[in-house]
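These notes concern the structure reproduced below.
The values are calculated or read from the model by the stated rules, or taken from the named source; none is laboratory data. As the structure is a computational prediction, the values presented were derived from the model and not from experiment. All Cβ positions, glycine included, derive from the backbone under ideal geometry; neighbour counts span all protein chains shown.
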Amino acid sequence: MAENYDVIVLGSGPGGYVAAIRCAQLGLKTAIVERENLGGICLNWGCIPTKALLRSAEIFHYMQHAKDYGLAAEKISADLDAVVKRSRGVAKQLNQGVTHLMKKNKIAVHMGDGKLTGKGKLSVTKDGKSEELGAKHIIVATGARARDLPRLKADGKRVWTYRHAMTPPEMPGKLLVVGSGAIGIEFASFYNDMGADVTVVEMMDRIVPVEDADVSAFLEKALIKQGMKILTGAKIEKIETGDKGVNATIKDKAGKDITAEYSHVIVAIGIVPNVENLGLEDVGVEPDQRYHIKTDAFGRTNVDGIWAIGDVTAPPWLAHKASHEGVIVAEAIAQALGNKDVHPHAMDVRNIPGCTYCHPQIASVGLTEAKAKEAGYEVKVGNFPFIGNGKAIALGEAEGFVKTVFDARTGELLGAHMIGAEVTEMIQGYTIGKTMETTEAELMETVFPHPTISEAMHESVLAAYGRALHI
Ligand SMILES: Cc1cc2nc3c(=O)[nH]c(=O)nc-3n(C[C@H](O)[C@H](O)[C@H](O)COP(=O)(O)OP(=O)(O)OC[C@H]3O[C@@H](n4cnc5c(N)ncnc54)[C@H](O)[C@@H]3O)c2cc1C
């Protein structure tokens with residue numbers, strides 16, 4: 001007989017496992033189904049192992065610049081295998097952490113391929129054996145995978161997706177990174193710091209195109225200074241993969257063809273949602289025009305009792321968005337099952353921060369200056385460079401700035417955009433402010449600790465109103 005649950009979560013990434021924990025906290029009999037690794041892409045192949053790699057690259061970078069700090073570090077070298085081993089160890093530790101959390105919260109784990117077989121019904125198949133499960137509610141949290149370039153299929157040898165780039169068979173000599181979103185730029189930064197000759201090619205007219213244009217321009221200059229080649233507004237015309245490398249002809253912004261041989265290529269042109277073979281069509285779940293599952297702000301699909309969260313739904317495709325949706329959906333299900341003490345709130349994607357862990361780091365929340373103007377706002381914009389911040393200078397990290405965008409009429413904080421050291425830790429300050437619908441007045445009245453780089457956040461707000469103190 002089918003085992004029955006209140007909730008089954010299909011997929012155990014940061015969306016799925018967090019949803020399962022919240023369901024269990026709310027007293028719901030909960031199961032999770034996973035075909036690969038508990039923790040999903042984020043813990044095993046995404047956010048965390050890349051940050052472990054980037055940490056090694058960062059330390060290597062500092063060792064090479066030891067002299068700048070009055071120190072000597074001689075005969076420095078990098079052991080890529082050891083760097084990768086450390087990163088895999090970190091991923092494993094976190095995967096085990098999720099296993100522990102499932103046990104602690106009494107969540108039943110079913111390993112195997114999950115498929116909806118009817119309303120409230122799901123089959124799990126592993127090694128040719130299937131079991132049937134039943135639930136009042138099912139949360140689809142199956143995530144996404146790397147998007148392929150039709151002419152450039154990843155083979156794991158010369159052409160890599162993020163998975164290959166995270167466990168490289170060898171150190172690339174000359175690397176072409178296709179795509180300059182967060183994933184492409186983080187790998188470009190990692191391999192550049194590790195000593196590869198890196199070229200980034202981007203179809204749009206600037207790198208990190210979702211960020212504020214000032215951030216893109218600043219990052220491009222910084223990466224070029226670090227030795228990277230950046231081709232924006234550029235298109236791959238021809239590409240041939242051989243045993244020894246990849247020969248690519250790229251049409252640059254001016255229409256000129258650049259032909260070069262690369263030892264390896266990383267394709268980082270986005271993601272496609274994992275919606276195939278889930279039985280979604282059979283139960284009538286509707287996709288959006290990009291084939292992500294369509295939901296409302298509480299994660300409800302068009303089919304009663306089926307919910308969806310994370311990368312399999314609309315953007316932004318970020319781990320913290322997936323987890324936040326997991327909590328909302330769990331609370332909405334508990335409420336639907338009669339719990340009167342939970343009050344789920346609707347997801348507001350305007351307040352989701354985004355971070356890229358290249359060198360220098362970038363972080364942002366809310367509208368860019370251009371998007372705010374497009375939306376019809378009259379804006380007040382503040383800009384404060386790290387060179388005016390004592391802590392940044394003391395750290396030897398004076399490269400960067402903080403930009404804030406306010407509604408000139410009401411003073412509402414519309415967006416914040418930062419580039420420089422530690423900004424991925426600092427963005428949360430503005431995110432809290434934005435979530436609380438703060439205005440310039442509260443931010444100006446806030447006391448920032450000295451000396452910290454966060455003082456640049458204060459100064460940026462002051463600058464928007466002509467009151468910056470240290471510039
Ligand atoms: C290289 C890289 C770096 C990244 N860095 C960051 C970062 O720094 N910060 C950030 O916020 N985001 C980052 N991301 C994005 C982040 O990993 C995703 O947004 C996040 O993992 C999405 O979570 P999810 O729960 O929706 O899905 P996923 O994490 O993709 O998990 C989905 C799970 O469902 C399982 N599954 C799928 N189909 C089935 C099925 N039929 N049956 C059973 N199980 C199934 C999969 O095996 C997987 O484990 C990064 C991504 C990559 C690739």
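Looking at segment 264-279 only, could you name the residues that are of a type in the set (A, V, I, L, M, F, W, C) and either more than 27 Å from Ile139 (Cα to Cα) or part of a loop (DSSP other than H, G, I, E, B) (or both)?
Val265, Ile266, Val267, Ala268, Ile269, Val275, Leu278 - these are the residues of segment 264-279 that are of a type in the set (A, V, I, L, M, F, W, C) and either more than 27 Å from Ile139 (Cα to Cα) or part of a loop (DSSP other than H, G, I, E, B) (or both).
Of the residues Val198, Val208, only one is in contact with a Leu (Cβ under 7 Å, 6 or more places away or on another chain) and at positive phi; which?
Every option except Val208 fails the conditions.
It is to be established whether one or more residues within segment 172-180 are of a type in the set (Lys, Arg) and free of Cβ contacts under 8 Å to residues at least 40 places away in the same chain.
No, that holds for no residue.
In segment 299-308, which residue that is hydrophobic (A, V, I, L, M, F, W, C) and closer than 17 Å to Ser12 by Cβ is farthest from the ligand (Cβ to nearest atom)?
Once the filter is applied, the top-ranked residue is Trp307.
Across segment 397-455, what is the total count of residues that are more than 26 Å from Glu58 (Cα to Cα), small (Gly, Ala, Ser) and under 23 Å from the mean Cα position of the chain (by Cα)?
2
Among the residues of segment 254-262, is there at least one that is assigned to a loop (DSSP other than H, G, I, E, B) and either touching a residue at least 40 places away in the same chain (Cβ under 8 Å) or within 25 Å of Gly114 (Cβ to Cβ) (or both)?
No: segment 254-262 contains no residue that is assigned to a loop (DSSP other than H, G, I, E, B) and either touching a residue at least 40 places away in the same chain (Cβ under 8 Å) or within 25 Å of Gly114 (Cβ to Cβ) (or both).
Would it be correct to say that Glu455 is acidic (Asp, Glu), over 15 Å from Lys391 (Cα atoms) and outside the structural domain of Leu54 (by TED's automatic domain parsing)?
no
Find the residue count for segment 142-167, including only residues that are surrounded by fewer than 19 Cβ atoms within 10 Å (Cβ to Cβ) and either in contact with a Phe, Trp or Tyr (Cβ under 9 Å, 6 or more places away or on another chain) or hydroxyl-bearing (Ser, Thr, Tyr) (or both).
2
Do we have any residue at all in segment 134-152 that's farther than 20 Å from Val84 by Cα, in a loop (DSSP other than H, G, I, E, B), of a type in the set (Lys, Arg) and more than 10 Å from the ligand (Cβ to nearest atom)?
Yes, segment 134-152 contains at least one residue that is farther than 20 Å from Val84 by Cα, in a loop (DSSP other than H, G, I, E, B), of a type in the set (Lys, Arg) and more than 10 Å from the ligand (Cβ to nearest atom).
Which residues, taken from segment 93-125, are over 16 Å from Glu36 (Cα atoms) and in contact (Cβ under 8 Å) with a residue 24 or more places away in the chain?
Result: Leu101, Asn105, Lys106, Ile107, Leu116, Thr117, Gly118, Lys119, Gly120, Lys121, Leu122.
Select from segment 155-188 the residues that are part of a helix (DSSP H, G or I) and out of contact with any strand residue (DSSP E or B) (no Cβ under 7 Å at 6 or more places or on another chain) and list them in ascending order.
Scanning segment 155-188 gives Arg163, His164, Met166, Ile183.
Could you figure out which of (1) touching a strand residue (DSSP E or B) at 6+ places or on another chain (Cβ under 7 Å); (2) under 22 Å from Tyr357 (Cα atoms); (3) of a type in the set (Asp, Glu) isn't true of Asp79?
So Asp79 meets the others, but not (1).
Could you list all residues from segment 189-214 that are part of a helix (DSSP H, G or I), within 26 Å of Gln64 (Cα to Cα) and out of contact with any strand residue (DSSP E or B) (no Cβ under 9 Å at 6 or more places or on another chain)?
Phe190, Asp193, listed by residue number.
A quick yes/no check of all residues on (1) polar (S, T, N, Q); (2) within 11 Å of the ligand (Cβ to nearest atom); (3) on the phi < 0 side of the Ramachandran plot; (4) under 17 Å from the mean Cα position of the chain (by Cα):
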site	(1), (2), (3), (4)
Leu278	no, yes, yes, no
Pro287	no, no, yes, no
Ala297	no, no, yes, no
Gly310	no, yes, no, yes
Ala330	no, no, yes, no
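From the list Ala217, Ala222, which one is in a helix (DSSP H, G or I), within 23 Å of Lys251 (Cβ to Cβ) and over 19 Å from the mean Cα position of the chain (by Cα)?
Result: Ala217 is the single residue among Ala217, Ala222 that is in a helix (DSSP H, G or I), within 23 Å of Lys251 (Cβ to Cβ) and over 19 Å from the mean Cα position of the chain (by Cα).
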